[in-house]
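Engineer: Below is a structure I'd like to ask you about.
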Amino acid sequence: MKLIILIICTLSCVLFSLFIGTVNLSFLETLKALIGQGSETNKIIIRELRLPRSITGAVIGAGLGASGAALQSYTRNPLAAPGILGFTACAALGAVIALYYGYYNWIPLAALVGTAIGAFLILKISGNRKSASTLILAGVGVSALATAITGLTMNFSPNPWALSEMVYWLMGSLNNSQFTDLMICAPLTVIGIVLLTLIGPDLKALSLGEETAISLGVSLGRLRAILIIGSALCVGSGVAIAGAIGFIGLFIPHIIRLIFGADPIKLVPLSAIAGAGFLVFADIITRFLTGPGTQLYLGILTSLIGVPFFLYLAVKETKL
Amino acid sequence: MIHINNLLSGYGPCDVIRNISTEGKYGELIALVGPNGSGKSTLLKTIAGIITPSSGTIKYAGENLSSLSIRKRAKIISYLAQNREAYPSMPVYEIVELGRAPYRGSLGKISSAGKDIIENALNRTKTDMLKNRKFNNLSGGEQARVLLARALAVDAPILLADEPISALDPAFQISMMQTLQNEAKNGRIVIAALHDLSLASQFSNKIWMLNNGEIVAKGTPKKVLSAENLKNTFQLKLPKGGFKQLQLAN
């Protein structure tokens with residue numbers, strides 16, 4: 001029953017988001033445009049602007065939720081989030097370098113290359129049979145390095161416009177989502193979520209500690225490699241399209257754990273569903289709050305909603 | 001039967017155990033005793049495949065364990081870690097169910113025979129009444145029994161237990177030792193690292209005494225726990241009248 005409610009909430013958010021935008025369209029007009037009827041303008045608004053935006057938001061949110069759940073289960077640390085492995089920072093660095101040189105069309109590819117380099121570095125540093133803390137340390141190091149180089153790139157920005165593009169891009173937004181972007185983002189994210197879901201049983205065995213997990217037939221090297229590749233696909237493809245969007249991967253698994261329990265076999269796919277719904281919901285709010293001449297960025301809003309909620313959960317858990 | 005031959009193992013470049021050659025038979029509860037740092041845990045972890053030995057062989061039923069896949073090895077050896085670690089809010093049944101991990105299908109499904117083994121493990125450790133409770137709501141003794149049930153749910157012919165009775169009250173210690181003894185009587189090879197020499201003498205069929213990474217004595221408790229071995233290995237005197245035995249009231 002709880003699962004059905006979660007799915008309905010997520011689907012409702014996606015559907016509702018189609019009705020929200022600068023141009024007011026009635027329920028009937030929206031539905032007609034969705035199935036290819038009505039005026040050309042309405043069809044363009046719904047099918048080429050709102051629909052790709054909503055689906056992109058759902059896909060990115062799903063990837064962030066799933067990777068957060070997998071990382072928290074792997075590290076057995078509720079503070080772990082996709083950003084902890086440095087993929088967000090590496091993708092951001094790739095995108096900022098593309099912006100620096102003015103290659104706007106290459107931003108997604110540059111972000112993906114940045115993530116791939118980050119994933120390769122973390123795989124190399126964390127080694128084959130080392131502990132989860134080595135992985136976190138490797139992630140924190142790579143993240144700090146990528147952030148520093150991003151800062152350096154912005155510091156030497158060729159002109160103020162390029163710098164403002166970089167800053168805005170780092171705030172995260174689904175504003176310019178197109179189906180072509182979704183064609184890049186969706187397959188990679190789906191592969192990532194499938195990989196992270198498949199390691200659910202191994203992550204569950206790991207809850208008994210690394211030594212016990214090995215004795216139960218879990219190959220820690222294989223598990224770590226799939227975790228890194230799966231997370232890199234989810235996070236990298238999301239950041240490549242929408243910029244840096246924080247906190248979803250941190251607090252969505254918390255909520256799901258409270259409602260459905262800590263079993264990673266369920267936690268990863270359920271966090272993906274909840275993450276999808278939440279990101280679309282947050283995007284709806286940004287559309288409500290964005291007026292003429294001002295724009296609220298999605299990455300800022302997710303953090304503004306996420307941080308108080310996360311602090312509430314943290315205080316509640318320590319009191320238990 | 002498990003045969004260990006010229007085993008050399010440790011962490012990184014540092015070998016902790018050296019020249020270990022010994023064997024264990026079905027039906028034996030073997031107590032692994034020795035001072036802190038003597039290599040008890042390292043030996044158990046090497047047998048379990050957690051640490052890769054520098055040299056030497058461990059054979060079970062004539063097969064070299066290091067040549068087996070990690071999954072196959074997991075079906076032969078069950079390992080109960082010293083740290084009582086589990087996800088705090090996980091229900092007891094789900095923890096014990098993890099013992100079937102080496103046998104699960106790709107979607108983590110457990111067969112009906114596997115479910116029977118889980119129920120059996122819960123009964124043998126007297127944890128069946130705890131199965132719906134969360135791990136963090138249990139006492140230390142109950143947690144230890146639940147994790148033992150998890151190790152038994154593997155249903156492996158060899159059970160390794162690293163200090164299974166540490167930090168438990170005397171009644172829980174005896175209860176745990178009785179369970180381990182029953183497992184040995186049912187035909188498993190049980191090897192348990194113990195600090196309590198009295199309980200080792202009371203429950204085990206055989207003792208391997210380790211000191212500075214080498215087996216310095218092995219055999220029956222009476223033979224191994226001699227005044228000379230106690231003095232050389234532990235700097236202890238043998239109590240007058242031997243080790244005292246505690247028993248459960250009922």
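No lab work stands behind these numbers, since they all come straight from the coordinates. All values reported here derive from a predicted model rather than from experimental measurement. Every residue, glycine among them, receives a Cβ derived from its backbone with ideal geometry; neighbour counts consider all protein chains shown.
Engineer: Between a residue in the range A:75-103 that is at positive phi and any residue that is surrounded by 24 or more Cβ atoms within 10 Å (Cβ to Cβ) and not β-branched (Val, Ile, Thr), which pairs come within a Cβ distance under 7 Å, given they are 6 or more apart or on different chains?
Structural biologist: Every condition considered, the pairs that remain are A:Gly86/A:Gly118; A:Gly86/A:Gly139; A:Gly86/A:Ala146.
Engineer: Here's something else I'd like to know. Kindly indicate the residue of the range A:96-121 that is closer than 24 Å to A:Gly192 by Cα and touching a Phe, Trp or Tyr at 6+ places or on another chain (Cβ under 6 Å) and also surrounded by the fewest Cβ atoms within 10 Å (Cβ to Cβ) among those meeting that condition.
Structural biologist: Result: A:Gly118.
Engineer: Next question. Please go through the range A:109-120 and give me each residue that is touching a Cys at 6+ places or on another chain (Cβ under 8 Å) and not small (Gly, Ala, Ser), ordered by number.
Structural biologist: Correct list: A:Thr115, A:Ile117.
Engineer: Next question. Residue check, B:Arg73 against (1) crowded, with 17+ Cβ neighbours inside 10 Å; (2) touching a strand residue (DSSP E or B) at 6+ places or on another chain (Cβ under 8 Å), all met but one. Which one?
Structural biologist: It fails just one condition, (2).
Engineer: Same structure again: Please go through the range B:154-170 and give me each residue that is part of a loop (DSSP other than H, G, I, E, B) and within 12 Å of chain A (Cβ to nearest Cβ), ordered by number.
Structural biologist: Narrowing the range B:154-170 to residues part of a loop (DSSP other than H, G, I, E, B): B:154-157, B:163-169.
Residues satisfying the conditions are B:Val154, B:Ala156.
Yes/no per residue for (1) touching a helix residue (DSSP H, G or I) at 6+ places or on another chain (Cβ under 6 Å); (2) among the β-branched types (Val, Ile, Thr):
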{"residue": "B:His3", "(1), (2)": "no, no"}
{"residue": "B:Asp15", "(1), (2)": "no, no"}
{"residue": "B:Ser21", "(1), (2)": "no, no"}
{"residue": "B:Ile30", "(1), (2)": "no, yes"}
{"residue": "B:Val33", "(1), (2)": "yes, yes"}
{"residue": "B:Leu43", "(1), (2)": "no, no"}
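Engineer: Go through A:Leu223, A:Leu250, A:Leu206 for me and flag whichever is within 14 Å of chain B (Cβ to nearest Cβ) and under 23 Å from the mean Cα position of the chain (by Cα).
Structural biologist: After applying the criteria, what remains is A:Leu223.
Engineer: Sticking with this one: Condition (residue is surrounded by fewer than 17 Cβ atoms within 10 Å (Cβ to Cβ), hydrophobic (A, V, I, L, M, F, W, C) and within 14 Å of another protein chain (Cβ to nearest Cβ)) applied to the range B:93-111: is it met by at least one residue?
Structural biologist: Among the residues of the range B:93-111, at least one is surrounded by fewer than 17 Cβ atoms within 10 Å (Cβ to Cβ), hydrophobic (A, V, I, L, M, F, W, C) and within 14 Å of another protein chain (Cβ to nearest Cβ), which makes the answer yes.
Engineer: Which residues, counting only those in the range A:188-235, are in a helix (DSSP H, G or I), among the polar types (S, T, N, Q) and either free of Cβ contacts under 8 Å to residues at least 40 places away in the same chain or surrounded by 24 or more Cβ atoms within 10 Å (Cβ to Cβ) (or both)? Show your work before the answer.
Structural biologist: Taking the range A:188-235 first, the residues in a helix (DSSP H, G or I) are A:188-198, A:200-206, A:210-215, A:220-235.
Of the ones still in play, those that are also among the polar types (S, T, N, Q) are A:189, A:197, A:212, A:215, A:231.
Selection gives A:Thr189, A:Thr212, A:Ser215, A:Ser231.
Engineer: Inspect the range B:138-153 for any residue being without any contact (Cβ under 8 Å) to a residue 40 or more places away in the chain, over 18 Å from B:Val96 (Cβ atoms) and in a loop (DSSP other than H, G, I, E, B) and give the result as yes or no.
Structural biologist: no
Engineer: Looking at (1) crowded, with 24+ Cβ neighbours inside 10 Å; (2) in contact with a helix residue (DSSP H, G or I) (Cβ under 7 Å, 6 or more places away or on another chain); (3) within 11 Å of chain A (Cβ to nearest Cβ), find the lone condition where B:Leu147 falls short.
Structural biologist: (2)
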